[in-house]
Amino acid sequence: MKSTLLFAVAVAYAFIGEAQAQDRMVGASDTTVEEYPFMAAITFHRDLVGNGAIINMKWILTAAITIIGTPASAFDVRVGTSDYKNNPKVYQVKRNYPHPEWVGYDFNIGLVLLAKELDCSPTVQPIRLTTEDPESIQLTMVSYGQNEAGTSHLQKANFDMTRSASCYNKLEDFLSKEVVETGTGYCMSSPDVTKKGHYYTDLGAPAIAKNKLYALFSFSEHTGGITEVAVATRVFPYIDFISQTTNRYS
């Protein structure tokens, strides 16, 4: 089952850009869980497959692609630490809920139901979902994905998120353009001269502003690493999916 999930992630990422042995967010800087206590690392048989955001004490919001493996009990969520390999608080997953219409590009959002409630602390806190849906915004993206130094330490990086033509036109694939065009995704680019990029363990990385969650890293069109543009899933269009799922299955 472990190999099945990793193969599925590799295939899915190949669909959005060929997977590489490297798996890091590029151009980011170290940060701490004290600054971002909503952060969650999602693992499958203890291998990191993505990130998520604590939205209440039993639910984690992430990208659908991170939670497609079975059984759900093989997943766990690690919280409360700046390095997911170093003394995390570990919680078993009860069930995963990828969006029912997820196909690889669009609807790349999902929910993780934990087997028991998280213990709230200064390093384990939920984040509020945005109640706004701006066309353009600068967000801070946070990820446990392996970084340039080869560590698993939490990192952050700023990105401009927009539906503007200046970014949209740099996307090459019709399907990725469609995600932005329909309003369910943002086109991502760096707001500064620092070259940035992502790999598959950055999937589901939360993107925030003013202590609210606006987006999740979704995909890059190319092989990973430094890219001029990428795509993030906007949270606001999925508010109904999130509320209906958490209310029905809590």
Those residues of the range 90-101 which are surrounded by fewer than 19 Cβ atoms within 10 Å (Cβ to Cβ) and assigned to a loop (DSSP other than H, G, I, E, B), in sequence order: P100, E101
Filtered residue count, the range 209-231, keeping only those that are in a strand (DSSP E or B), of a type outside the set (G, A, S), out of contact with any Asp or Glu (no Cβ under 6 Å at 6 or more places or on another chain) and surrounded by 17 or more Cβ atoms within 10 Å (Cβ to Cβ): 5
Residues that are open to solvent by less than 30 Å² (accessible area, probe 1.4 Å), farther than 23 Å from R248 by Cβ and more than 16 Å from the chain's Cα centre (by Cα), drawn from the range 102-138: S121, T123, V124
Tally, over the range 180-208, of residues that are open to solvent by 20 Å² or more (accessible area, probe 1.4 Å) and either free of Cβ contacts under 8 Å to residues at least 24 places away in the same chain or closer than 15 Å to D160 by Cα (or both): 8
Failed item in (1) within 26 Å of L118 (Cβ to Cβ); (2) modelled with pLDDT of 90 or more; (3) exposed (fewer than 14 other Cβ atoms within 10 Å of the Cβ); (4) in contact with a strand residue (DSSP E or B) (Cβ under 9 Å, 6 or more places away or on another chain), with S250 passing the rest: (2)
Residue satisfying condition, being under 25 Å from A41 (Cβ atoms), among the charged types (D, E, K, R) and not in a loop (DSSP other than H, G, I, E, B), within set K116, K156: K156
Qualifying residue in the range 79-91 (condition: among the acidic types (D, E), on the phi < 0 side of the Ramachandran plot and touching a helix residue (DSSP H, G or I) at 6+ places or on another chain (Cβ under 9 Å)): no
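If I filter the range 164-179 down to residues being part of a loop (DSSP other than H, G, I, E, B) and touching a helix residue (DSSP H, G or I) at 6+ places or on another chain (Cβ under 9 Å), which single residue comes out as most open to solvent (accessible area, probe 1.4 Å)? Steps first, answer last, please.
Here is the first cut: in the range 164-179, the residues part of a loop (DSSP other than H, G, I, E, B) are 164, 169-173.
This time we only want the ones that are touching a helix residue (DSSP H, G or I) at 6+ places or on another chain (Cβ under 9 Å), so: 169, 171, 173.
Values: N169: 102, L171: 5, D173: 59 Å².
Among residues in the range 164-179 that are part of a loop (DSSP other than H, G, I, E, B) and touching a helix residue (DSSP H, G or I) at 6+ places or on another chain (Cβ under 9 Å), the one most open to solvent (accessible area, probe 1.4 Å) is N169.
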Subset tally (residues that are under 28 Å from D47 (Cα atoms) and modelled with pLDDT of 95 or more) for the range 192-211: 5
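The values are calculated or read from the model by the stated rules, or taken from the named source; none is laboratory data. Worth saying up front: this structure is predicted, and the values here are computed from it rather than measured. Because the Cβ atoms are built from the backbone with ideal geometry, glycine has one as well, and the counts that use them run over all protein chains shown. Note: accessible area is taken over every heavy atom of the protein model, side chains too, but ligands, DNA and RNA are not part of it. Shrake-Rupley method; radii C 1.70, N 1.55, O 1.52, S 1.80 Å.
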